[in-house]
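Note sheet for the following structure.
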Amino acid sequence: MTDDFTPKQDDRADALARWLSHAGRQFDPRFPREIKGEWEAQNGPSRIRALRLSALTGCVTGGLMAPLLWRMMPDAHAAIRFWWLGAALPAAAASYALLWARLELAVQEWQVVACAIGVALCFTAMVASGGGGQAGLYSAGIMLLIMLDTVAGRLRFRPAAVLVGGLVAVFAGGILAMPRFDSAAKLAQIAVLAISAFCALFGNWRFETELRRGFALALRERLARETLARQNLALGELAGRDPLTSLANRRTYDHWLATHWEFAARTCGRVGLVLIDIDYFKAYNDYYGHAAGDACLQVVARCLRDQCRGTTDHVARIGGEEFAVLLPGLTLEVVGDVAERLRSAVAIADVPHLGAGKPRRITLSCGAASFHAASGASQRTLFAAADAALYQAKQTGRNRVCLAEQPAAPLEGGGADGQEHAVAHPSAGS
């Protein structure tokens, strides 16, 4: 059974759960595409290091075997020079050199497999040239190749299976072709190698499966934590947003104001604020009904949001038909211009309002203020100043912007106390 799943691309958790449900029962424990990239990114470097170490060990071992072979096989010196020194060792060295090239891990593994089978063929040809008298040496050499590449090299199961199958085929063919071996010896040596190959391959499969299972469990826990973190973040955002208009609510507005005021106090900066009220909104609700009132609030919220800078201006619904726009760093004149732009945007939306006694459209009254945070004022003073300007706008005819100027002397306490001077914005409508 394989894990050739094709779940949705963005559903890694589901693909992981399906793989874990089959872990330990898969003949080839590969990951599905959704997880494969992360697995290779995490484990690829260690596998390349293992392959390099295995190949280097094979090169060193092969070099050290050369004088031993020369001494033990006096009648095969020509074969040793041709097959071992001329073919096997250069092929092993070339394979080791290729492991330092910037090739994919799969390509590296398959070139190691090809090199190992090639070395086995060279070794078989060399022993056969000596008459096959060194059966024990031959068996040990082939088993060394199996262990070195399959276990020490940490080959994945599929390349390991091809390698073991190829080595067993080379070995069996070599044994059967050597006339000095009797039938019982041939069968015994083939059986020993087959058992060794099976044990090596089973060990490789178990190691690969457990390694992948550990990775999958760790990834599942990490994905669960990430999902929980996103859910908590989403809940936090929902808790800070007005469900009707999707603007920030009063709680978020209070946090924004405190944060920007504290920053402005440290940097001797300004904080601007526009308080907004929809004119005659109670009459609109009474005439059109609450469903239409909700739709009207959504239109106004959209107009306000579209006129503000998304990264610096903060728009919030702080009451039934009351809104606030926080404008860090802007002077009173600029805050007044922004307020006028907001008022005009709602007027241009041209939402009919027939519930106030005569035909008209939905309009806004705005109060604007901008204080230096280091002037001795407070957050409450800023809000009270903007609120006083809003009251002035409503008292002088609505559908206009009034500005609240900060007095030159530092203010004490948190209320307006009649100290702010509200003036109508020169561009305000009547």
Condition met for ASP3 (surrounded by 13 or more Cβ atoms within 10 Å (Cβ to Cβ) and either in contact with a helix residue (DSSP H, G or I) (Cβ under 8 Å, 6 or more places away or on another chain) or at pLDDT 80 or above (or both)): yes
Enumeration of residues in segment 224-267 that are surrounded by fewer than 14 Cβ atoms within 10 Å (Cβ to Cβ), more than 28 Å from ARG302 (Cα to Cα) and not charged (D, E, K, R): ALA224, THR227, LEU228, ALA229, THR267
Unique match (being of a type outside the set (D, E, K, R), surrounded by fewer than 17 Cβ atoms within 10 Å (Cβ to Cβ), over 19 Å from ASP254 (Cα atoms) and modelled with pLDDT under 95) among GLY415, GLY357: GLY357
Unique residue being touching a residue at least 12 places away in the same chain (Cβ under 8 Å), assigned by TED's automatic domain parsing to the domain that holds TRP256, aliphatic (A, V, I, L, M) and out of contact with any helix residue (DSSP H, G or I) (no Cβ under 9 Å at 6 or more places or on another chain) when the list is VAL338, VAL346, VAL351, VAL325: VAL338
Given (1) buried (at least 17 other Cβ atoms within 10 Å of the Cβ); (2) more than 30 Å from GLU226 (Cβ to Cβ), number of the condition GLU34 does not satisfy: (2)
Hey, ALA66 under 19 Å from THR124 (Cβ atoms), part of a helix (DSSP H, G or I), assigned by TED's automatic domain parsing to the domain that holds GLY214 and over 55 Å from the mean Cα position of the chain (by Cα) or not: no
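What is the residue count in segment 268-282 for residues that are closer than 19 Å to SER365 by Cα and crowded, with 23+ Cβ neighbours inside 10 Å?
Residues of segment 268-282 closer than 19 Å to SER365 by Cα: 272-282.
If we keep only those that are crowded, with 23+ Cβ neighbours inside 10 Å as well, we get 272-276, 278.
Residues that pass the stated criteria total 6.
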Exclusive hit being assigned to a helix (DSSP H, G or I), of a type in the set (S, T, N, Q) and over 28 Å from the mean Cα position of the chain (by Cα), set SER95, SER46, SER21: SER95
Pair list, Cβ under 7 Å, 6 or more apart: segment 238-249 residue of a type outside the set (A, V, I, L, M, F, W, C), other residue assigned to a helix (DSSP H, G or I) and surrounded by fewer than 17 Cβ atoms within 10 Å (Cβ to Cβ): GLY240/ARG251; THR245/GLN298
Total residues in segment 265-291, condition at pLDDT below 90 and either hydrophobic (A, V, I, L, M, F, W, C) or farther than 28 Å from ARG400 by Cα (or both): 4
Subset of segment 13-27 [surrounded by 15 or more Cβ atoms within 10 Å (Cβ to Cβ) and touching a residue at least 40 places away in the same chain (Cβ under 8 Å)]: ALA13, LEU16, TRP19, LEU20, ALA23, GLN26
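The values are calculated or read from the model by the stated rules, or taken from the named source; none is laboratory data. Bear in mind the structure is a predicted one, so any value in this text is a computation, not a measurement. Glycine gets a Cβ as well: all are built from the backbone with ideal geometry, and neighbour counts include every protein chain shown.
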